[in-house]
């Protein structure tokens with residue numbers, strides 16, 4: 001009976017030692033995983049900062065583009081109005097030149 005008890009104690013000691021080794025191995029693995037998680041969290045934080053910076057730069061570029069586009073559209077409208085004014089002025093000039101020609105012809109006819 002004592003021999004059986006000793007064998008059972010040895011088996012229990014071996015099982016405990018095995019479990020302790022497994023526990024130590026798992027604790028080491030947990031430590032490695034915690035380190036990896038910490039590194040990944042740090043990377044995520046850095047990427048979030050970079051993303052925010054990129055968004056800010058994109059917003060600024062969009063504002064600059066929008067301002068340039070608005071200015072361009074305003075200039076196109078002004079040029080269109082200028083072209084209309086020049087066209088109307090050209091028509092008026094043509095009419096006045098025609099009227100001058102007619103008046104000269106009338107004056108020449110009256111002189112003769």
Legend entry - Failed condition for residue 28, given (1) at pLDDT below 95; (2) surrounded by 10 or more Cβ atoms within 10 Å (Cβ to Cβ): (1)
Inset, instruction - May I ask you to say which residue of 13, 109 is part of a helix (DSSP H, G or I), surrounded by 10 or more Cβ atoms within 10 Å (Cβ to Cβ) and at pLDDT below 95? - result: 13
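The values are calculated or read from the model by the stated rules, or taken from the named source; none is laboratory data. Here the structure is a predicted model, which means the values were calculated and not measured. Note that each Cβ is placed from the backbone with ideal geometry, even for glycine, and that neighbours are counted across all protein chains shown.
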